[in-house]
Amino acid sequence: MRPLPILVSITVLCCAFTHAKAWDRGTVDREISKLCEQRNPDDWPGQDDCIAAQRSALQSLRPPRDDQDLVAAYRACKDAASDEYDFAAVYHCYRGRSSAIVADRAAAAEIAAKKELATLFATLPVIVQCSFSDGRKVEIRRNDKYPSAIVAKVSPEALFAGRSGIGYSYEWGGAQGIDFKLDGNQLMDRSGGPVKLFMGKCDYR
């Protein structure tokens with residue numbers, strides 16, 4: 001008698017994969033073995049590797065449910081598979097397509113956020129305007145909607161959300177929001193490599 005938890009797990013996975021048809025574990029095992037034997041004739045190690053890859057893919061598949069773009073990508077990958085039981089092909093195809101969808105959405109969200117920040121910047125009160133020895137100019141404005149929030153504009157037109165610190169200090173940029181720090185008339189650049197310091201002339205309002 002098959003162990004119940006394993007049997008249920010495989011059945012659920014198969015139901016999720018087809019949305020219409022459930023296979024028992026024996027059928028899935030037989031079809032995967034048949035597929036791998038056809039692809040690796042007289043190559044037992046190759047067949048074993050193929051079988052292991054198919055089982056791993058089947059266990060890793062998480063079909064989307066409510067996201068129309070991801071559902072469409074998943075169905076397209078199923079349709080593109082050369083065999084109904086080629087779970088590895090579906091898994092790798094869907095992983096690539098879903099990653100691309102997520103990346104595109106993140107890029108679109110970033111563009112929208114930058115547009116929103118640009119619109120917001122024009123309405124905010126100026127805290128300080130600076131010119132530095134390397135030629136760059138920095139303008140910082142206070143975002144009164146949030147405590148300690150600022151928006152920094154670095155020439156030519158780059159905008160960053162940031163925060164104010166103690167006294168005349170402000171930080172912005174990078175994943176952690178600390179790539180750049182203005183402290184009085186000194187700009188610290190921690191965006192990459194050794195820390196660089198620039199002295200400037202700042203007009204605080």
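Structural remarks
- Residue-wise HN-Hα couplings along segment 159-164, as the Karplus relation 6.51 cos²θ - 1.76 cosθ + 1.60 with θ = phi - 60° gives them from phi, are 10, 9, 7, x, 9, 8 Hz; Gly and Pro carry x.
- Estimated [θ] at 222 nm from DSSP helical runs (n ≥ 4, -39500 (n - 2.57)) normalised by residues in the chain, nearest 500: -16000 deg cm²/dmol
- All-pairs Cα distance distribution in segment 54-123, expressed in whole percent, bin size 10 Å: 20, 37, 19, 13, 8, 2
- Taking amide H as placed 1.01 Å from N in the peptide plane, the amide H of Asp179 sits under 5 Å from that of Trp172, Gly173, Gly174, each at least 5 places away or on another chain.
- Residues of segment 83-101 with amide N under 12 Å of a point placed 7 Å along Cα→Cβ from Gln38: 83-86
- Normalised contact order of the chain, rounded percent, pairs of Cα under 8 Å and 6 or more residues apart: 11 percent
- By a 1.4 Å probe calculation restricted to protein chains, Thr123 has an accessible surface near 100 Å², given to the nearest 10.
- Calculated log₁₀ intensity ratio I(q)/I(0) where the Debye formula runs over C-alpha points of the chain, q = 0.14, 0.15, 0.18, 0.19 Å⁻¹: -0.81, -0.88, -1.17, -1.27
- The alpha-carbon atoms of segment 131-205 define a convex hull whose volume equals 95 cubic angstrom per residue.
- When Asp79, Asp144 are compared by accessible area of protein heavy atoms, the largest-first order is Asp79, Asp144, using a 1.4 Å probe.
- Here the Karplus curve 6.51 cos²θ - 1.76 cosθ + 1.60, taken at θ = phi - 60°, turns the phi angles of segment 133-149 into couplings of 5, 8, x, 7, 10, 10, 10, 10, 10, 8, 9, 5, 6, 9, x, 6, 7 Hz, with x standing for Gly and Pro.
- Cα-based helix-to-principal-axis angle, 68-80 vs the chain, degrees rounded to 10: 40 degrees
The values are calculated or read from the model by the stated rules, or taken from the named source; none is laboratory data. All values derive from a computational prediction rather than experimental measurement. Ideal geometry is used to build each Cβ from the backbone, glycine not excepted, and the neighbour counts take in all protein chains shown. In case anyone asks, the SASA skips ligands and DNA or RNA and just uses the protein heavy atoms, side chains included. Shrake-Rupley method; radii C 1.70, N 1.55, O 1.52, S 1.80 Å.
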